[in-house]
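The structure under discussion appears below in the form of structure tokens.
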Amino acid sequence: MTSEELLSTVEELRELAAGAQEAAAVEARASLVRLAGDDNRAVSTAASEALAATSIRLEPARIDFGPVSPGTPRLSASVAVLGSPVGLTSRLKVTGAGLRARIAGDQLQVEWVPGESALSGKVALDGPAGAADLTVTGHLGLTPDGFPPVDGFPPVGVATDRAGSDPVDDALGRGGSGLVDDASNRFGFGAVDAAGGTGVSGSDDRVSSGRLRFGPAEPASGPGAKRLSRVLRLPRPERRGKGLIVAGAAAVVLLAGTGIAAAVTFTDSPQASFRPPTGNSVPSAPSTGAPSTGGPSTGVQAPASSDRPAVEGTIRVGDEPEGVTVSPDSRTLYVANQDSRILSVVDLASRKVRPVTLRNTPRFVTVSADGRRVFVSMYENDLNGSGVAVVDASSLKIVGDLKTGVQPYALAVAPDGRLWVPIHGGRNVEIYSAADLQLEGRVFVPENPHAVAFDTEGQRAFTPDHESSTVSVIDVRTDQRLRSIPVSQAPHSLAVSPDGRTVVVACFGADAVELIDTATLKRRGPFRVGDKPQAAAFATDSTHAYAVNEAGNSVSVINARTGEITATVPVGRSPRTMAVSPNGRFAYVSNGGDDTVSILRVS
């Protein structure tokens, strides 16, 4: 064969070696090994490069758990498995007391149960994509970790080792995890956020190269035990690549006795397909996370909201509509349809509906204050495909595809333009930069965040922690969680009034709403509404709040000052979320049971 033909063959073999078919990949790699010894230097170099690109590798290649306090139940981390997909079928060999590991998705998840001695262990992977090793170290120590204590944080349940099952997997419907320890036993694996990362220091929020290091943990119980929460601001990644380049690393400390889960997570999170719009970034208006209640402040007085809104019609959209939002000019409605991969775009003047096909099932939707970008959270019922689609509102083209943590929920754009994405499966809220949507931080909250909303001054964010029955309060200026406020059972959604004074919380498990004063953080209620309130919204004049009652097929209207229920408005079957148009005239309720959106005149 000529040199050109051999080089073409190398490229073909490289594609096969990078494929998901194990037999073809093994054969292709064997051929590349032979060609790497070819006398033709160009062929040999190309074959060697193809082998390197398709070989399994771990990023980072080292984890240092650092000093931890005696009695710490366990620490967990997750690193990216890169290279050929067949590397995910590699065999594992684990050495090191208390060290256990498994491959889950495109992650190598590692757990250390500290004993009486230091850890100096290794996880070795060997398979059709070659071999790779992960060095894992850690030791016992009493140095304080520097995490701030958090008041008002109730117990949320400690993950425990149980053969074949764990609380996180059970909650997500995955069943047993099947980790491998140094004795090749299998056991449950819990509370790990498989996100991305290159390296961290437990006492320094900067990313370092070469390894992960997690700072010391507090005592697990007793009067000195501290509850932990920390947000990590990430520098912008310097590189991008096609598809997934770096997933990541997470460390989770579960504190026995308090039942609090605290985690630190980093990611490069490359967004290769995203192309930011030209021109200056326009900050986005306050958003309620689930349904948006209005656009930016214009100085125009909002119309007076009605005690008794009336249904003025319906719009047929896609299959099982869930999240809805309205454009800042009140002309366009966006609807995420859960039983299809369709985002419905509705011209509200003509009621014409245009579909936008997404790569995965859409769940919730929000829009930037300038109306140029629409953000759609996505995941499948088996939790695959988790991410956010970025849609150009003018062309209705997909211009970005963000890889997020597991099960992104009701996302929102903050007043400073950053995109906040609650990660239901990760017990945190991911924060993406305004201009280029690079992941720049996470705020960890009790399990499990369903939505996020902001006050009008952009100083505080609020998230309902569904399984913990709390509302977390976050300082947006520092991205630090300030405290958690206990509320009624299973808060599913919340909204902040446009005047910034009140938070309404829809408590799904209590058939009630609660009202929180944003200045004092004092709560009022509960106030009984309909059955299974799933979503909350506010009128633009801040006088009335709304609760969407999924099991009651209705919307409850609440006087935000007194808590009085002024009306219960019948809508379609199984209503899910609600968006109030920024002009304050209409609200739109997605009816998941009959594939429609109800139009309510609210002023």
For region 575-582, Karplus-derived ³J(HN,Hα) couplings (6.51, -1.76, 1.60; θ = phi - 60°; whole Hz; x for glycine and proline) come out as x, 10, 9, 8, 10, 9, 5, x
Taking a ≥ b ≥ c as the square roots of the Cα gyration tensor eigenvalues, with a/c under 1.5 meaning rounded and otherwise prolate when a/b beats b/c or oblate if not, region 311-601 comes out rounded
Per the charge dipole of region 411-516 (beta-carbon charges, Lys/Arg positive, Asp/Glu negative, Cα centre), the residue among P446, P491, T502 reaching farthest to the positive end is P446
Computed from every Cα-Cα pair in region 371-427, P(r) in 10 Å bins starting at 0 and rounded to whole percents is 25, 51, 23, 2
If every Lys and Arg gets +1 and every Asp and Glu gets -1 at its Cβ, then about the Cα centre region 100-141 yields a dipole, in debye to the nearest 20, of 40 debye
To the nearest 20 debye, region 1-97 has a Cα-centred charge dipole, built from +1 on Lys and Arg Cβ and -1 on Asp and Glu Cβ, of 720 debye
Scoring only Lys, Arg, Asp and Glu (+1, +1, -1, -1) among other residues with Cβ under 10 Å from the Cβ of L51 yields +1
Residues meeting the amide H criterion for S84 (H placed from the backbone, H to H distance under 5 Å, 5 or more places apart or on another chain) are S55, I56
Counting sequence-distant residues (5 or more places) and residues on other chains, those with an amide H built under 5 Å from that of D401 are S273, F274, V390
Taking every other residue with Cβ under 11 Å from the Cβ of G530 and scoring Lys and Arg +1, Asp and Glu -1, one gets -1
Protection proxy (average C-beta count within 10 Å per residue), highest first, orders 553-559, 35-41 as 553-559, 35-41
Packing-ranked peptide list from 15-28, 105-118, highest mean Cβ count within 10 angstrom first, is 105-118, 15-28
Rounded to the angstrom and largest first, Cα extents along the principal axes for region 3-54 equal 29, 16, 15
Spelling it out for R341: with amide H atoms placed in the peptide plane at 1.01 Å from N, the residues 5 or more places away or on another chain with amide H under 5 Å from its amide H are none
Everything considered on the Cα gyration tensor (a ≥ b ≥ c; rounded for a/c under 1.5, else prolate if a/b is larger than b/c, else oblate), region 467-603 must be described as prolate
Lys and Arg at +1, Asp and Glu at -1: neighbours of G552 with Cβ under 9 Å from its Cβ sum to -2
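FYI, it's all coordinate maths here, none of it is from the lab. Fair warning: this is a prediction, and the values are worked out from it, not measured in the lab. Counting neighbours? That spans all protein chains shown, and the Cβs are built from the backbone with ideal geometry, glycine included.
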